[in-house]
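The next block holds one structure in the form of C-alpha cells; read it before the comments.
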Amino acid sequence: MPVKIACFLLLAFLGVQPSLLTQESSRVTLFPKPSEDLILAVGDVQAAPGSAGTELASALETFNRVLWDDLSFAGFFTIAGRGFYPPGPIVRPETDIDYEAWNAIPFKVSFLTVGTVSLSRNVLRAEVSVYDMKQRKRAFGKAYTGDPGQIRTMAHYWADEIVYQLTAGTSRGIASSRIAYVSRNGNAKEIHTMDYDGYNSRAFTHGGSLNLFPHWAPDNSKLAFVSYRPKPEITIYSYLDGSRLPFPMFHTFASSPAISPDGSEVIFALRTPRGDPDLFISRLDGSNRRNITNNPAIDSSPTWSPSGRQIAYISGMPGQVHICDSDGSNVRRIVKEGGDADGVAWSPDGKWLAFQWKPRLSPNYEIFVVDSAGGAIRQLTSGGGSNEYPTWAPDGRHLAFQSNRTGSWQIYTMLLEGTEPRRITHSGNNTSPSWSGYFRRD
Amino acid sequence: MKRNLLLCLLAASIAACPLAEAGTKEELVRLQSDVLALQNQIREFDKGYTEKLDSLRSLVIQLNDQAARSGLVLDRISAAMENTEAGTREADRNLLEEVRRLSEKVDEVGTRISAMAQQLGELKVQSASLGPATSPGLSPEVLYNQAFGDFVQGNFDLAIEGFSAYVSTYPAGEKAPDALLNIGDSHIGQNRLPQAVAAFTRVINDYAESAKVPSALYKRARVELAMQEKENATADLRHIVEKFPQSPEAGLAQAELDRLTASKPAAPARRKAR
C-alpha cells in the first residue's frame with residue numbers, strides 16, 4: 001500500500017487520474033473498487049487537552065499506527081499520504097480543521113478522521129470522529145474507553161466503524177476479526193488465535209499433542225479442529241467459555257472439520273472400513289451422521305457454500321476440486337486443469353473458490369481462485385516457496401494463507417487480487433490459518 | 001512456455017504472409033471476439049449495478065426504519081419532558097444525554113445516506129457512460145451463473161426466478177437439467193417439498209438422456225422420504241442402483257436402501273402415482 005500511495009501522490013501531482021494506476025498495476029480485477037474516488041485522510045489522534053505523559057504518548061503512537069495500517073489494508077479507500085496534510089495538530093476539529101488549506105492540496109479529500117486520547121487513572125478514553133470534507137461538518141464519531149493494553153483494540157474498532165459507515169454497510173470491517181492457526185511447539189502442535197494483523201496471539205489448546213485443521217463456526221462461537229487422542233478425532237470447543245462440546249470418537253482417521261453456515265451441522269473426512277476417507281455430515285453432537293461421498297476415492301478438505309446447500313471438496317489422488325450438493329448427489333469437477341489441488345475454501349459471497357494448486361512437475365503450490373459456477377482458474381500468488389491453505393476474511397476481499405517463502409512456514413494475508421501480501425507471523429512454524437467471521441455486529 | 005508461444009506466433013505469421021486475406025479474416029475474428037468480450041463485460045457490469053442498486057434500496061429501507069424508530073424515541077422524550085415536573089438536574093442530564101445520542105445517531109444515518117448517495121452517483125455515471133448497450137438479453141452462461149450466484153448465497157426465490165428464466169429461454173441449453181436440479185434444491189431450502197419433487201421429475205422426464213438423471217432420482221427419493229412416501233422413495237433408489245450402478249449416486253442410494261431395510265422391511269418397490 002505505501003508504494004501505491006506514493007504513486008498516487010506522484011500521479012496526483014502530475015494530474016493523472018488515480019484510476020489509471022489501479023488498472024495498470026492490478027494483474028486480475030476480481031472485484032471493483034466501489035470507492036475508488038473516496039479519498040480518506042487519516043489525521044493523527046492527539047493528546048486530549050490537559051493530558052500528557054510517556055504512557056499516553058506510547059498509546060497515541062500505537063493507535064495512529066494501527067489505524068493507518070487497518071485503513072490502508074481495508075481495500076475500500078484510497079488513503080491520502082500524510083506528507084500533504086496541512087500542518088498543525090487537530091485537537092478541537094471545529095476550529096482546528098482549516099478547510100481552505102485542505103482544499104489547496106493536490107487532491108480532494110472526501111473524509112478526514114481525527115480525535116483525541118486521554119489517560120486518567122489508568123483508563124484510556126479515545127474520542128474520535130470523521131469529518132465530511134465536502135459538507136464541512138462532522139459526519140459521525142465514537143468514544144472508546146479501556147485500559148492501556150486495549151489501545152490496539154480501540155484502533156481496530158474505530159477502523160471497522162469507519163469502513164462500515166463509509167461503505168454504507170457493505171463491509172463490517174475485518175480489523176477486529178481473528179485468525180486461528182496451528183503453531184508448532186517442539187513435537188506438539190497447538191491451536192492459537194491472533195488478531196488479523198498477527199498481534200495479540202494466544203494459545204487455545206495446551207495439550208502438548210497434535211492439534212490440526214482449526215475451523216471457526218461462522219458466528220465465531222466455536223472452534224472445530226482435529227486432535228490426536230491418540231487417533232486423530234474431531235474436536236469442537238466453545239470459543240466463548242473454552243469448554244469442549246460432546247462429539248463421538250471414531251478411533252480411525254478423521255480430518256478437516258467445517259461447521260455449516262447455520263451452525264447446526266459439521267462436515268468432516270473420516271476413513272471408512274474400505275480404507276479410503278469419505279465425507280460425512282452430522283449434527284454438532286455427532287448424531288444423524290451420513291456419508292455423502294460413498295465411493296472408493298479419497299475425499300477431503302470440505303467447505304460449505306454460504307447457503308449450506310453445496311459442498312466443495314478435494315477428491316482423488318492427485319486431488320481435484322469438486323462440488324456436490326449437500327445430500328451428496330450432483331457431483332461435478334470444477335477445476336479441469338489436472339495437477340494437484342488441495343485446501344479449497346468457499347468465499348463468503350459464494351462467488352469464488354480459493355484453493356492451492358500445483359501443476360504437474362511444479363515443485364510448489366500456489367493460491368488460485370475459480371468461479372464457483374465453473375470457469376478458468378486465476379493465479380493469486382507466484383514465486384517464493386509454496387503457498388497453501390487459503391482462508392477467506394469475512395468481507396470476501398482478503399485471504400490468509402501459509403507460505404514457506406522465507407524458509408519457515410508462516411501465515412500471510414493479501415487482498416483478493418493477490419496484491420499487498422503481509423507476513424503476520426514471524427517466529428517458529430505456523431500453518432493452517434482459519435479466518436473468523438465478523439466480530440463487529442450490526 | 002512464453003518462448004514456445006513466440007516461436008509458434010512467428011511461424012504462424014511467416015506461413016500467413018502470402019495469405020493476406022486470411023490475415024484480414026483473422027483480424028476480423030479477433031475484433032469480433034473483442035466485441036463479444038466487451039459485451040460480456042458490459043453485461044457483468046449491468047448485473048453488478050443491479051445488485052448494488054438492490055442492496056442500496058434495502059439499506060434505504062433499513063435507514064427509513066431507523067429514522068422511524070428514532071422518531072418514536074423522540075416522541076417518548078418529548079412526552080417525558082411534558083410529564084416531568086420543572087425537572088431535576090438528574091433528569092435534565094439524562095435527557096441531554098439521550099438527545100446527544102440521538103443526534104449522533106442522526107449524524108451517522110446522514111453519513112451513511114451520503115456514502116450511499118455517493119456510490120449511487122458513481123454507479124449512475126458509470127452506467128450512463130455505457131449507454132444503451134447494457135440492455136440486450138443475457139447469454140445462457142451469464143443467466144445461469146447469475147442464478148447460481150443467488151443459489152449459493154441462499155437467495156432461493158431469486159435463484160428459482162433466474163433458473164426458471166434459463167430453462168424457459170434455453171430449454172435445450174447445456175445447463176437446463178442443472179438449472180432444474182437447483183430449482184428443486186431451492187424449493188427444499190424454502191421447505192416447499194412438492195414443488196421440489198416437480199422440478200426433479202422434470203429432469204427425469206424431460207431430460208431422460210441427461211447425466212443428471214441419477215441426481216434427480218436421488219434428490220426426489222430424499223424428498224419423498226421427508227414426505228413419508230417410502231414406497232416411491234424406495235422405487236427411485238432401486239432405479240438408481242439398477243440403471244445407473246456406476247453413478248456416484250448409486251453408492252448413496254444403496255446406503256439409503258440399507259438404512260430403510262434395517263429400519264423396516266420394504267415392500268416390493270412399485271412407484272405409486274402421486
query: Of A:G149, A:G328, A:G50, which is the most mobile in a GNM of chain A whose springs link Cα atoms less than 10 angstrom apart?
result: A:G50
Residues in the stretch A:162-192 that, when all protein chains are in place, have 50 Å² or more less accessible area than the chain alone would give (probe 1.4 Å): A:Q165, A:A168
Positions from the stretch A:310-324 whose accessible area shrinks by 40 Å² or more when the full protein complex is built, not the chain alone, probe 1.4 Å: A:Q310
In sequence order, calculated HN-Hα J values of the stretch A:84-100 (Karplus, 6.51, -1.76, 1.60; Hz; x Gly/Pro): 9, 5, x, x, x, x, 10, 9, 10, x, 4, 10, 8, 7, 9, 4, 5
field: Estimated FRET transfer efficiency when R0 is 30 angstrom, pair A:L361-A:L212 (beta carbons, to 0.05)
entry: 0.55
- prompt: If you line up the long axis of helix A:2-14 against the longest principal axis of chain A, both from Cα atoms, how many degrees apart are they, to the nearest 10?
  reply: 40
Projected label distance in nm at B:A198 and A:R92, using a 7 Å step from Cα toward the beta-carbon: 7.1
query: Which whole number in µm²/s is D for the stretch A:58-119 by Stokes-Einstein, with the Kirkwood Rh taken over Cα pairs at 37 °C and 0.692 mPa s?
result: 249
- request: For every other residue with a beta carbon closer than 12 angstrom to the beta carbon of A:G375, add +1 if it is Lys or Arg and -1 if Asp or Glu, then tell me the sum.
  value: 0
message: Under 13 Å between alpha carbons, and skipping anything fewer than 8 positions from B:K52 in its own chain: which aspartates and glutamates qualify?
response: B:E44, B:E122
- prompt: Based on the mean of other beta carbon atoms within 10 Å per residue, what is the order of B:173-181, A:135-143, B:208-216, A:80-88, most packed first?
  reply: B:173-181, B:208-216, A:135-143, A:80-88
field: Modelled FRET efficiency - R0 30 Å, A:K134 with B:S103, Cβ distances, 0.05 increments
entry: 0.90
message: Given a 10 angstrom Cα cut-off, can you work out which residue in A:D327, A:D219, A:D241 is the most mobile in a GNM of chain A?
response: A:D241
- request: Work out the count of Lys pairs in chain A where the Cα-Cα distance is under 25 Å, with the pair 8 or more places apart or on different chains.
  value: 15
- request: Treating the Cα atoms of the stretch A:122-217 as identical point scatterers in vacuum, please give the log10 of the normalised Debye intensity I(q)/I(0) at q = 0.18, 0.21, 0.25 Å⁻¹, two decimals.
  value: -0.90, -1.04, -1.21
field: Within-15-Å neighbourhood charge of A:I90 [Cβ basis; K, R +1; D, E -1]
entry: -2
message: Report the Cα-based extents of chain A along its three principal axes, largest first, to the nearest Å.
response: 76, 51, 38
query: Which percent of the accessible heavy-atom area of chain A goes to carbon and sulfur, probe 1.4 angstrom?
result: 52
- prompt: Any idea of the total accessible area buried by the B-A contact, 1.4 Å probe, rounded to 100 Å²?
  reply: 3100
- line: In nm, the gap between the two label points placed 7 Å beyond Cα toward Cβ at A:R65 and A:A52 is 2.4
query: With Cβ to Cβ distances under 13 Å as the rule, what net charge do the other residues near B:K243 carry (K, R +1; D, E -1)?
result: -3
statement: Under 5 Å from the placed amide H of A:Y239, counting only residues 5+ away or on other chains, we find A:K222, A:L223
message: So if I take the centroid of the Cα atoms in the stretch A:192-214 and the same for the stretch A:330-353, what is the distance between those two points in Å?
response: 27
- prompt: What does the helix-only formula give at 222 nm for chain A: each DSSP H stretch with n ≥ 4 adding -39500 (n - 2.57), the total divided by the residues, and the result rounded to the nearest 500 deg cm²/dmol?
  reply: -4500 deg cm²/dmol
- line: So for the stretch A:205-343, using the alpha carbon gyration tensor with a ≥ b ≥ c as root eigenvalues (a/c under 1.5 gives rounded; past that, a/b versus b/c decides prolate or oblate), I'd call it prolate
message: Under 10 Å, Cα contacts only: if you run a Gaussian network model on chain A, which one of A:A354, A:A376, A:A180 comes out with the highest mean-square fluctuation?
response: A:A376
message: Keeping every protein chain present and rolling a 1.4 Å probe, give me the accessible area per residue for chain A in Å².
response: 39
- prompt: Using the Cα atoms as the points, what is the convex hull volume per residue of the stretch A:178-435 in Å³?
  reply: 122
- request: On a 0 to 90° scale, report how tilted helix A:54-73 is relative to the longest principal axis of chain A, with both axes built from alpha carbons and the result rounded to the nearest 10.
  value: 60
message: Between A:S264 and A:R333, what is the label-point separation in nm under the 7 Å Cα-to-beta-carbon projection?
response: 3.4
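The values are calculated or read from the model by the stated rules, or taken from the named source; none is laboratory data. None of these values were measured; they are calculated from a predicted model. Note: ideal-geometry Cβ built from the backbone for every residue, glycine included; neighbour counts use all protein chains shown. For the accessible areas, the whole protein counts, side chains as well, though only heavy atoms, and no ligand, DNA or RNA atoms are used. Shrake-Rupley method; radii C 1.70, N 1.55, O 1.52, S 1.80 Å.
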